[in-house]
Each structure stands twice: as structure tokens, then as C-alpha cells.
Amino acid sequence: MRSIHFTMPISHSEVLQLKRWNTPTIYNGWEQVTKGDIAADAFNLEETRDFMPQMGPMVGYAVTVVVQPSDKSHREANPDAWNEYRRYVASIPGPKIVVVQDLDKPRVIGAFWGEVNSNMHRALGCVGSIVDGAIRDVDEMTNAGFKALARRFCVGHAHVHPVRWGCEVEVFGRTIQPGQLIHADKHGFLAVPLGEEEGLLEASRFMDTNECETVIPAARSSVGLPLEQVIDNLSAAGKQFGENVRQKFRREGEW
């Protein structure tokens, strides 16, 4: 239960620009700058639900909290936990995304998130939440400008109380550290490993442009042509796509 102090790895301007693309596009950029295993690293391994897809992507730094709505003893053990937790959230530079591990999983006993918590966390500089549990008051959350990815809805809140925070959490099969840059939308989320934020925006922009200048126009302009011509066009475009990636990043592209 600690405050996390860190230097912003990228500028707020870059964070805002990352919101202009969907999460798969940011993944395409990230796989060019990462040192990890792109096959199963950084993104959610279990299905998430975006309850506000009309709000588009959200981007922010992870603040983490663990809850267990079924167990009222947490409130008795630390009656001042809410104030301590809020001070932790306020201590982190924004924008922030609250990442919530629910110890009741796979059960759903109560919702940590609803109208009240969304408005409170907006006041603390948060833009949304990723909850490996339930939310409620989805219309009111949306009206507050607060986005959420979760497993399902829930009517009640039960004994929602912060158990611990500022710690490593596991949500949707992925371990998240406080301070990780997160990009999330209706496809799921990407939790960028610490130290791999620099160059992400440029790489994502490049990969999107590369697709739009090679494989996508080749496919669309080939509609109705003889099959062999279609195959030749797609093959040439794929080779050009890959060559552009190699020239830019000195590694193989996915096409």
C-alpha cells in the first residue's frame, strides 16, 4: 500500500495521439519496439467486455487495487482504507486507468464500480477502469465520461472496500504493474511493459501508414481482376510491406 513516483515516460501529447488509433493498431506498433514475446505478451488473455465502445479507446497509466466484495472483514481491518487508497491514486500523474483485481473470481458478488466511484475517480484524474469483475450504473458511468472494461454487470455492490493497492495485480490472465501504460478499447487491452513506451507512437503511426500504402490498396484495387493478377498484386504488396518494416525497424513484418 504505497505511493508510486515515476517520471512520465512519454509526453501528454503522445498519450492523446495514441488515442487516435484502436488497440490492435497500437499492438502492431508495439511489436516492432518490444523485446518480449509478441505471441502472448502484454495483452489480455481472457475475454473482456467494453461497456462504452462509443467512447473509443482509453489510454493512461495503471493504478492498481485489489478488492473482495464478498468479505466484509476488510472494512473492519482497515476502516480508513478508502482515504489511504484515494491518496495513492492522487499521487500518480495522469491520465490514469484503475486496474482492479477481484479476489472473488470466478464468482461475481458485487460491483466496485458504479456512478459514485466513477465520478470520484474522475476527480482524482482517472479516465477509466479495467475490472476483472463487475460494474453497474453503466449509463451514469458513461455520462461521467468514465470508460470501463469488465466481465459483466452486477446489481449490488456488496462489501466493496480496497484490500490493497499500488501492487502487482492479475486481470484477465495478464499481470499488471503500477505505472504501466495501458491502451484499451472494445478489442481488449495492451499493457505496455515498463521501459517500452518510447517510440510506440511513431511505430504505430508507421505501421498504420504502411498498411494503407501497400496491402490494403492492393487488395481493394484487385477486386474483380483475374485470380492470378489478384495473387500477384497481393504478393507484391506483401513483399513491399515487409521490406518497409525491415528498412524502418530492421526486423520482419507480419505480412
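Overview of results
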| quantity | calculated |
| --- | --- |
| Residue that is surrounded by the fewest Cβ atoms within 10 Å (Cβ to Cβ), among those in segment 130-139 that are at pLDDT below 95 and among the acidic types (Asp, Glu) | ASP139 |
| Failed condition for ALA123, given (1) surrounded by fewer than 16 Cβ atoms within 10 Å (Cβ to Cβ); (2) more than 21 Å from the chain's Cα centre (by Cα); (3) of a type outside the set (Lys, Arg) | (2) |
| Yes/no for THR209 being in the same structural domain as ARG87 (by TED's automatic domain parsing), at negative phi and among the polar types (S, T, N, Q) | no |
| Restricting segment 118-143 to residues that are hydrophobic (A, V, I, L, M, F, W, C) and part of a strand (DSSP E or B), the residue that is nearest to GLN54 (Cα to Cα) | VAL127 |
| Residue list for segment 180-198, restricted to those being at pLDDT below 95 and farther than 14 Å from VAL59 by Cβ | PRO193, LEU194, GLY195, GLU196, GLU198 |
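The values are calculated or read from the model by the stated rules, or taken from the named source; none is laboratory data. Everything numeric in this text was worked out from a predicted model, so none of it was measured. Because the Cβ atoms are built from the backbone with ideal geometry, glycine has one as well, and the counts that use them run over all protein chains shown.
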